[in-house]
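Just so it is clear, none of the values below were taken in a lab; they were calculated from the coordinates. Since we're looking at a predicted model, the values are computed, not measured. All Cβ positions, even for glycine, are placed from backbone atoms using ideal geometry, and neighbour counts span all protein chains on display.
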Amino acid sequence: MAGPISVSDLAAATGIADTTVSQTLRHLRASQTVIAERDGRVMRYRLADSSLAELLPRREPTSHPEARRGRARQPRP
């Protein structure tokens, strides 16, 4: 993980619904796996321990998060 990321950006990068990402982050936050940081009105999340990144599979994002902003999300097939 490069740095703190918002729910919307993480959802766009993974192709997972915002609500699913949000609920997953809530559980990860409760287990102290991620830390939430406020950035204005947006909460950004990062791993609590950077060594956890070594356990995560490397994956290319489905598209750049900035490219999807403002567009309606297409339903998954």
Sequence-separation-based contact order of region 1-49, relative, with Cα cut under 8 Å and 6+ spacing, percent: 41
Give the Rg (one decimal place) followed by the Dmax (whole number) of region 1-49, computed from C-alpha coordinates and expressed in Å. 10.0, 25
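Fewest first, what order do Leu10, Leu28, Leu52 take by the number of other Cβ atoms within 10 Å?
Placing the least packed residue first, the sequence is Leu52, Leu28, Leu10.
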